[in-house]
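The values are calculated or read from the model by the stated rules, or taken from the named source; none is laboratory data. Here the structure is a predicted model, which is why all the values come from computation and not from measurement. Backbone-built Cβ (ideal geometry, glycine too); neighbour counts: all protein chains shown. Remember, those area values only see protein heavy atoms, side chains included, never the ligands or the DNA or RNA. Shrake-Rupley method; radii C 1.70, N 1.55, O 1.52, S 1.80 Å.
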Amino acid sequence: MTDFTLNEIHSQPEVWQQVIELCEKQEHSKIKEWMCNGHSVLTGSGSSFYLCLTAASCFTQLTHRKATAVSASEICTFPNTLFSETEKYSLLAVSRNGKSVETVDAARWFNESCSKKTVAISTVTPSPLLEICEPGLVLIPAAECSRYMTRAFTAPLLGIQYLLASSTENKDFRNELRRLPEIGAQVIERCSSTVKFIAEQKDFDNYVGLGQGPFYGLAAEAMLKVKEMVRVPAHAYPTLEVMHGPNYLLSRKTLVTLLHADGAKNYELALLKRLQPSGACRFVICEKTSPEIQQTAEFVFELCSGLSEFPRLILTMPVMQLFAYYRAHAVGNALE
């Protein structure tokens, strides 16, 4: 049987290059209209919603205007708590295959209630979503055969970042994004043995992912991959929130993975020390390690990208995708 999941994880740098070339060759006017016409809202379900959380942070970072990420199910059930009659909105819907019932229904509600067509990002065409939306970005190279969303998560996030950087004429940010395919291939090659060792050597039965700011959406997606592939409890929290209740569930059989943020350095280093009495195993993914991290974490993986914090965000994802993949095999789960 073809191992679609592993192949698609490893294919990401090549797909990222194709996404960048696509963004540079085409105008993508609908995405630019979404960025500029009213309060920008992003929506999706599952992995696509977590993608939207991080994309909204990138939007605000680059444009200095507020963007909001909401789950499609919230728009379907409580739209009046999200959209004010006195404010103008533009909606971007993200879906891997354009078939998510809630995402399609959310786009349809927006089209009818706001008299404005939703813009969509997908990897498959045609689809129910694209039938009712303006196609904003169709990333055919990121389409997947596996049931587990990997490159269809990182590719749209990269596409949104690249178009934001282009729209704001942020050449430095765009140039850093152009380096991601090469650096991503190096990260995947270097991390494979580390995450395979962690996945095979430890007896974990509970997983926690931590990420602050733009890293929270990535932590949530990482834990979703663990849930889906390993089929065990896995939860994500904004980093510092773990000490406000969830810490009581930590034990020696818990793996806590921290997606370390430069902007939260002092708080997160203090947190690693506070986690020590729980006995939980701490795995830190960071740009560069430090003596403080080495002293308080059992495992560390350095990205060593040389990129700024926001451009390098997606580099953390192949690391965690591979961990979930290898852990699933370690516990005897067959993946497609």
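Of the residues Leu255, Leu322, Leu275, Leu315, which single one is part of a strand (DSSP E or B) and crowded, with 21+ Cβ neighbours inside 10 Å?
Values: Leu322 fails: part of a strand (DSSP E or B); Leu275 fails: part of a strand (DSSP E or B); Leu315 fails: part of a strand (DSSP E or B).
Of Leu255, Leu322, Leu275, Leu315, the one residue that is part of a strand (DSSP E or B) and crowded, with 21+ Cβ neighbours inside 10 Å is Leu255.
Considering segment 1-58, the qualifying helices (runs of 4 or more DSSP H), each wholly inside and each with 3 or more residues that are over 18 Å from Val119 (Cβ atoms), run over 4-10, 12-25. Scanning segment 211-236 for residues that are part of a strand (DSSP E or B) and either over 14 Å from the mean Cα position of the chain (by Cα) or of a type in the set (Val, Ile, Thr) (or both) gives Ala234, His235. Looking only at residues of segment 278-305 that are in a helix (DSSP H, G or I) and not aliphatic (A, V, I, L, M), we find that the one that is farthest from Gly184 (Cα to Cα) is Ser278.
The set of residues in segment 95-108 that are surrounded by fewer than 24 Cβ atoms within 10 Å (Cβ to Cβ) and within 15 Å of Thr125 (Cβ to Cβ) comprises Asn97, Lys99. For Leu92, state whether it is open to solvent by 10 Å² or more (accessible area, probe 1.4 Å), under 17 Å from Ala72 (Cα atoms) and either hydrophobic (A, V, I, L, M, F, W, C) or not in a helix (DSSP H, G or I) (or both). In short, no.
Per-residue answers, yes or no, for (1) under 24 Å from Leu313 (Cα atoms); (2) surrounded by 19 or more Cβ atoms within 10 Å (Cβ to Cβ):
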{"site": "Asn7", "(1), (2)": "yes, no"}
{"site": "Glu14", "(1), (2)": "yes, no"}
{"site": "Gln17", "(1), (2)": "yes, no"}
{"site": "Cys23", "(1), (2)": "yes, yes"}
{"site": "Ser29", "(1), (2)": "no, no"}
{"site": "Met35", "(1), (2)": "yes, yes"}
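If you go through segment 258-270 and keep only what is without any contact (Cβ under 8 Å) to a residue 40 or more places away in the chain, open to solvent by 60 Å² or more (accessible area, probe 1.4 Å) and of a type outside the set (S, T, N, Q), you end up with just Lys265. One residue stands out in segment 131-171 among those that are in contact (Cβ under 8 Å) with a residue 60 or more places away in the chain and over 18 Å from Leu22 (Cβ atoms): the one that is surrounded by the most Cβ atoms within 10 Å (Cβ to Cβ), namely Thr150.
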